[in-house]
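One structure below.
The values are calculated or read from the model by the stated rules, or taken from the named source; none is laboratory data. Keep in mind the model is a prediction, meaning the values are calculated, not measured. Positions of Cβ are backbone-derived with ideal geometry, glycine not excepted, and every protein chain shown enters the neighbour counts.
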Amino acid sequence: MSLIRTLRLVYPVIISILWLSGCSSITAPDISGLQSTELSQLNQSKGNYYGSGRIFFKNPDAKHSGELEIQVAAESELRLSIYTPLVGSLIYELRANTEKFLLLNFQENNYVLEANTSKVRQTWLGMDLSLTELKWLLLGRLPENDKSWQRQVLPAGELLLIQGTVEIRLEFNSAGQIVSMIKSLNGVQEYRAQIPLYQKHAGILLPRKISIVDYTGNNQWLMLISEILAPSKMKNLEYSQPAGMQRLFRNQ
């Protein structure tokens, strides 16, 4: 199945999830105040952190928005939740670790549970955005001691990261913060991300606005982060089959 056809099948699922407009109240987990050691971990993308705000999604047919909650654990686990306006009901949740990918649609009462691979992310998210890359964008910086990527400084001052067939080109501001990130697979652009605005959270500058556009230019995500905190603990996520929900497969 071609990627375009696959994405056409995915859009109705995502569109029904991202419901339009308004404000809602989301109850955050019990989070202690930020300490200097936690800030150091947060800045290096090695600790637990929690973010909240709004997310906007656009495709050629419509625009949608919802309240956003993100939790990333030090054990490389992600929980991204989207809530309805006003009532704050959970309608969509993505859970992922290095091995598993679980997508829950509470409105349609269905779910996806697969291995967390590049193809799976392309199919169900519309682009290959990995957990590692999302952490870089949410913190606006690369970890200092990550040796899993080859690094090359380009003539214009941009940094090129290479890992197998994956290339990521990054541009930084004068403070060393990410302002743009372009990912390519096998020489073909996968997505472009930009961070046009930073703001202070507990005394450190972190992204306020994050824009991600897929390689076609037709599909866009915009995250507006209003708060980032560092919890001392996070519960382990479950990846088992949810009771009473129908499983979706890539050919549906």
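What is the number of the single condition among (1) in contact with a Lys or Arg (Cβ under 6 Å, 6 or more places away or on another chain); (2) within 15 Å of residue 245 (Cα to Cα); (3) not hydroxyl-bearing (Ser, Thr, Tyr) that residue 68 does not meet?
(2)
Can you confirm whether residue 208 is of a type outside the set (A, V, I, L, M, F, W, C), surrounded by 16 or more Cβ atoms within 10 Å (Cβ to Cβ) and farther than 16 Å from residue 53 by Cα? Outline the logic, then answer.
Numbers: of a type outside the set (A, V, I, L, M, F, W, C): yes; surrounded by 16 or more Cβ atoms within 10 Å (Cβ to Cβ): yes; farther than 16 Å from residue 53 by Cα: no.
So residue 208 does not fit the description; no.
Looking at 102, 134, can you tell me which residue is in a strand (DSSP E or B) and within 25 Å of residue 166 (Cα to Cα)? Spell out how you get there, then give the answer.
Details: 134 fails: in a strand (DSSP E or B).
After ruling out the rest, the residue left standing is 102.
Among the numbered conditions (1) modelled with pLDDT of 90 or more; (2) hydroxyl-bearing (Ser, Thr, Tyr); (3) in a helix (DSSP H, G or I), tell me where residue 111 comes up short.
(3)
Could you check the stretch 114-130 and list, in sequence order, the residues that are under 19 Å from residue 76 (Cα atoms) and modelled with pLDDT under 90? Before the answer, list the steps.
Residues of the stretch 114-130 under 19 Å from residue 76 (Cα atoms): 114-118, 120-121, 125, 128-130.
The answer is 125, and nothing else.
So, restricting to strands (runs of 3 or more DSSP E) that lie completely within the stretch 153-252, which ones have at least 1 residues that are of a type in the set (Phe, Trp, Tyr), at negative phi and in contact with a strand residue (DSSP E or B) (Cβ under 9 Å, 6 or more places away or on another chain)? Show your work before the answer.
Values: elements: 159-163, 166-172, 178-185, 188-201, 204-214, 220-229.
Filter on the stretch 153-252 gives 166-172, 188-201, 220-229.
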